[in-house]
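See structure below.
The values are calculated or read from the model by the stated rules, or taken from the named source; none is laboratory data. Treat the numbers as computed from the prediction; the structure is a model and nothing was measured. Backbone-built Cβ (ideal geometry, glycine too); neighbour counts: all protein chains shown. Heads up: the accessible areas ignore ligands, DNA and RNA and are worked out on the full protein's heavy atoms, side chains in. Shrake-Rupley method; radii C 1.70, N 1.55, O 1.52, S 1.80 Å.
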Amino acid sequence: MLNIVLFGPPGSGKGTQSNLLLEKYKLEHISTGDILRKEIACKTDLGLKAKDLIDKGLLVPDELIIQLIEGQLTKETDSNGFLFDGFPRTIEQARILEDLLLKLNTSLTCMLSLEVDEEELMRRLLERAQIQGRSDDTPEVILARFKEYTHKTFPIIDFYKNRDGFFAINGKGELQKIFETLVELIDSVVEKSA
Ligand code: AP5
Ligand code: MG
């Protein structure tokens, strides 16, 4: 199986690059943000619990995320593996992911970390706000999301960075060029392990 974590701050291009990678490698997309937004739209209990936090730019508790992820990973699928977008976001989630993959007799192939400065992230998210109107794309909430990322999510890089398959990538520039870099890195890891 090919299991990839696409990591990075809000607006770094995780969703955009995921869409390109999914098509190329035939992977199952596991975006916890997208799943939560669907739960909110369907007004489920979990969605109602998550909405307040998301609208404040705060992370949703690990227990809720783990419930969501377990369900997704145990579904029947004919894909080649999983592409995680926006997960894991805490050390606890990183540990849970390891355990879940182990249970499925597989492991993480690589972690690709998109690096973009906050000025550019803010510019992209405010531009997206005008088109998509996501409720958490306001200047105050974006700043809160950056803060959560810095304090709780960025530190999980330490969990991965000394392992094979961790790569930091410049996420600024042309979409297609960034995609090509990601593909080269993924293919190099796959070749090495073949
Ligand atoms: P989530 O939906 O994951 O949002 P996020 O991490 O804040 O990231 P975004 O989706 O905003 O950005 P992205 O990196 O996908 O970038 P995109 O490709 O869209 O999470 C939302 C919330 O849900 C969280 O705040 C939290 O509350 C909760 N949550 C989710 N997962 C959780 C978890 N595991 N644990 C706890 N809570 C969780 O690009 C952004 C914009 O930039 C787009 O308009 C795009 O067109 C543009 N763009 C992309 N690439 C480029 C480029 N190279 N150049 C110029 N523009 C570009
Ligand atoms: Mg996204």
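Points worth noting:
- Cross-chain or 6+ apart pairs with Cβ under 6 Å, the stretch 140-152 first and among the hydrophobic types (A, V, I, L, M, F, W, C), then not in a helix (DSSP H, G or I): V141/G57; A144/G57
- Complete set of residues in the stretch 99-127 that are exposed (fewer than 14 other Cβ atoms within 10 Å of the Cβ) and in a helix (DSSP H, G or I): D99, L102, K103, E119, E120, R123, E127
- For the stretch 34-51, filtering for residues that are open to solvent by 20 Å² or more (accessible area, probe 1.4 Å) and either within 10 Å of ligand 1 (Cβ to nearest atom) or in a loop (DSSP other than H, G, I, E, B) (or both) leaves 8.
- Residue satisfying all of: in the stretch 167-194; part of a helix (DSSP H, G or I) and among the small types (G, A, S); most open to solvent (accessible area, probe 1.4 Å) among these: S193
- For the stretch 17-29, a residue qualifies if it is within 11 Å of the chain's Cα centre (by Cα) and either under 17 Å from A129 (Cβ atoms) or touching a residue at least 60 places away in the same chain (Cβ under 8 Å) (or both), and the qualifying residues are Q17, S18.
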